[in-house]
Amino acid sequence: MLKKNEEYIVDIIDNGFQGEGIAKIDGITVFIDQAIKGEKIKIKILKVQTNFAYGKIIEILEKSNNRIDAECSTYKRCGGCNLRHIKYQETLNIKKTVVENCMYKALKKEVKVNDVIGMENPLYYRNKLQYPVGVNKEQKQIMGVYSSRTHNIIPTEECFIQNKECQIIANDIFKFVQENNISAYNEETLKGTLRHIIIRIGVKTNEVLVTLVLNDNNLKNEKELIKYLTEKHKNIKSIVKNFNTKNTNVILGDKTEVIYGDGYIYDILGDYKFKISPLSFYQVNPIQTEILYNTAINNVGVDAHIDPDDIALDLYCGIGTIGIFASKYFKKVYGIEIVKQAIEDAKYNAKINNINNIEFFAGDVEKILPEIIKRDNLKPNVVFVDPPRKGLDKKTIELLKELQPSKIIYISCNPATLARDVALLEEKYELKNVQPVDMFPFTRTH
Ligand SMILES: C[S@@+](CC[C@H](N)C(=O)[O-])C[C@H]1O[C@@H](n2cnc3c(N)ncnc32)[C@H](O)[C@@H]1O
């Protein structure tokens, strides 16, 4: 029987869903953060549950060839890049195995999964920085990333996956916050003004959108802050305040107020220009996004047989990116998305890209899709779905089974729900190709 605080020497037999090392002691599975398959490690047991336990590394006795020195100073405490200690190529192998395992578990058979498409330069890739601001024990302002599994903020002035320009602007805002004694949100008392700093950059256009998430409308020295930032960073096109007074983990509130510029920026993906607003979803890794979208479209086989009468659906379309990429191959594309602002952006994006064969609808796919199908007596030939992590709802899966498009292209950021949904769709469809794309290098797999 395993006991907390006991020490063991174990062989790491695999890496799991979160990249954690896996060992077995007397048939009990032990998860060990930052351990790598093939290593021999002295561990201490941290927690014991009925069928599994958690351990922590005391000493690495035999090191894997895939282990590298993580150059990042916050890495061990931050919950972000939990694969930073592993060679990049091996992280891609781990991610591939995770997809294979998810498929095997859900479909009860081996599925061929292609090698993960990785990045040539897997650093500084994020176009969106999102740092909480809070107070430390001395009640002084603090900005950074949450430490793993907690809401303790680790001061962060450098991050190896963050766009460098976004980091510099965040550091400047925080310097201003400290110098002007702007009040920071305290998660315990629920008091204080500034909760989050969000900075988005159009990597191709170099345009920057700053969002300050506030708990109240008392941002001290607001005008001076705008002047300081926009004089120092000419590429800041807009600054907005977003109000979130709720005690939740959700970062953004519903209400935004533009205090500088137009309230949005542009970015370019492939041949298209996209408007990005503070509340709209936009993929955080633009280099891999182009690869992802082109992979999705190539999997339709459009180059092989373009039928000008084909109809496509882009479900969970965000600001319309996939539908716009695909529009030239189809007679008409229908896009559905729940965030109204994103749909407004999507309509605008179609217009500025001179695309006239796409129609967007704001609402819940589960509810809106059956209505559109009925209204236009639609028989879609191709359906793109790109749902949030929880995957597709049962009603939509049933409808997709009835509609019988010749192809469904399922884009997913969670291999577990993807595999679950594929198992349900398999009653009517054959799984043809599984192509992972590494959208978040060095971070866990979902
Ligand atoms: C993973 S994102 C994909 C967005 C877009 N395809 C892209 O690549 O940028 C998922 C999107 O689904 C939207 N969404 C979440 N639940 C939804 C629902 N029930 N109905 C419609 N859209 C939903 C989210 O707002 C988000 O924009």
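The values are calculated or read from the model by the stated rules, or taken from the named source; none is laboratory data. Worth saying up front: this structure is predicted, and the values here are computed from it rather than measured. When we count neighbours, we look across all protein chains shown, and the Cβ atoms used for this are built from the backbone with ideal geometry, even at glycine. Ligands, DNA and RNA are excluded from the accessible area calculation, which covers all protein heavy atoms including side chains. Shrake-Rupley method; radii C 1.70, N 1.55, O 1.52, S 1.80 Å.
Please work out whether region 83-202 counts as rounded, prolate or oblate from its C-alpha gyration tensor, where a ≥ b ≥ c are the square roots of the eigenvalues and a/c under 1.5 means rounded, while otherwise a/b larger than b/c means prolate and anything else oblate? Don't jump to the answer; show the numbers that get you there.
Details: a/c = 3.32, a/b = 2.08, b/c = 1.60.
Prolate, because a/c is 1.5 or more and a/b exceeds b/c.
How do ASP33, ASP309, ASP376 stack up against each other in accessible area, from largest to smallest, with a 1.4 angstrom probe? Intermediate results must be reported in sequence, preceding the final value.
Working: ASP33 75, ASP309 100, ASP376 50 Å².
Putting ASP33, ASP309, ASP376 in descending order of accessible area: ASP309, ASP33, ASP376.
In the assembled protein chains, ASP172 presents an accessible area of approximately 20 Å² (probe radius 1.4 Å). For the chain, the gyration tensor built on C-alpha atoms gives an oblate shape. Its axis ratio a/c (a ≥ b ≥ c) is at least 1.5, and a/b is not larger than b/c.
Under a cut-off of 26 Å between alpha-carbon atoms, report the lysines in cross-link reach of LYS140, not counting same-chain residues fewer than 8 places apart. The qualifying lysines are LYS76, LYS128, LYS164, LYS175, LYS191, LYS220, LYS223, LYS227, LYS232, LYS241, LYS246. Straight-line reach from LYS395: which lysines fall under 18 Å, measuring Cα to Cα and dropping same-chain residues less than 8 apart? LYS395 reaches LYS367, LYS374, LYS379, LYS428.
Calculated over region 1-109, the projected area of the Cα convex hull averaged across directions stands at 7.5 nm². Remark: for residue pairs LYS275/LYS331; LYS3/LYS40; LYS37/LYS108, the C-alpha separation exceeds 22 Å in LYS275/LYS331; LYS37/LYS108.
Do any GluC sites (Glu not before Pro) in region 20-111 lie in a loop, going by DSSP, with at most 10 other beta-carbon atoms within 10 Å of their beta carbon, and if so which? Those satisfying the criteria are GLU71, GLU110. Within straight-line reach of LYS112, meaning a Cα separation under 16 Å, sit the following lysines at least 8 residues removed in sequence or on another chain: LYS95, LYS96, LYS432. Label sites at LEU61 and LYS234, each approximated as a point 7 angstrom past Cα along Cα to Cβ, lie 6.2 nm apart.
Considering only DSSP states other than H, G, I, E and B, which trypsin sites (Lys or Arg not before Pro) in region 40-115 qualify as loop sites with at most 15 other Cβ atoms within 10 Å?
Details: sites: LYS40, LYS42, LYS44, LYS47, LYS56, LYS63, ARG67, LYS76, ARG77, ARG84, LYS87, LYS95, LYS96, LYS105, LYS108, LYS109, LYS112; in loops: LYS63, LYS76, ARG77, ARG84, LYS87, LYS108, LYS109, LYS112.
Here the trypsin sites (Lys or Arg not before Pro) that fit, given the DSSP loop and packing criteria, are LYS63, LYS76, ARG77, LYS87, LYS108, LYS109, LYS112.
With the helix formula -39500 (n - 2.57) applied to DSSP H stretches of n ≥ 4, the chain reaches a computed 222 nm mean residue ellipticity of -8000 deg cm²/dmol.
Solvent-accessible area per residue for the chain at a 1.4 Å probe radius, Å²?
On the way: 22210 Å² over 446 residues.
I get 50 Å² per residue for the chain.
Given Cα pairs under 8 Å that are at least 6 residues apart, what percent is the relative contact order of the chain?
Numbers: 935 pairs, mean separation 57.6, N = 446.
Once normalised by length, the contact order is 13 percent.
Note on region 128-269: Cα-only Rg and Dmax are 14.3, 45 Å. Between amide H atoms placed 1.01 Å from N, distances below 5 Å from VAL133 occur with HIS196, ILE197, all of them 5 or more places distant or on a separate chain.
In percent, rounded to a whole number, the relative contact order of region 7-62 is 33, using alpha-carbon pairs under 8 Å and six or more apart. Nonpolar atom fraction for region 128-269, defined as the carbon and sulfur part of the 1.4 Å probe accessible area, stands at 47 percent.
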